[in-house]
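See structure below.
Derivation of every value follows stated rules applied to the coordinates shown; laboratory data play no part. Since the structure is predicted, the reported quantities are computational estimates derived from the model, not experimental observations. As a convention, Cβ positions derive from the backbone with ideal geometry for all residues, glycine included, and neighbour counts pool all protein chains shown.
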Amino acid sequence: MDAWNRLAADGAVPHAAALRPDTNIEPPDTGKYPFYGTNGYYRSWEATGLSTERRDAVEKEAEKSGTRPSAITYVMTHPTAVKTALLADEATRRAAREALKEFVILSDFK
């Protein structure tokens, strides 16, 4: 629904409230309005049920780090996998330590 709302806001499709069961809608040109990809209207991490605040945080951190939001969301929704990766891999532990240091530093300024 979020993707549809974004497309409607850009004038590519009618707003959802204007749709009727007997109406056929032509899909928008995917060259001009890509559904998937970096500039796509669909964002898989939105389907996870994360709150708006958590989604905003994911998008912000993903942009800062150059990471795909879907990868971050996957990690957030699989804490057992995070724990297992930390136990199994030194590089993952090192990344976690660095993140925690950043978090503590940022928390000190709030």
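Please compute the length gained on full extension between LEU86 and GLU98, using 0.36 nm multiplied by the number of residues separating them and subtracting their Cα-Cα distance. Working shown, then result.
Values: separation 12, 0.36 × 12 = 4.32 nm, distance 1.29 nm.
Gain in length upon complete extension: 3.0 nm.
I want to check the label-to-label distance for ALA71 and THR23. Put each point 7 Å from Cα in the C-beta direction and report it in nm to one decimal.
4.0 nm
I need THR73, THR30 ordered by Cβ neighbour count within 10 Å, fewest first.
THR30, THR73
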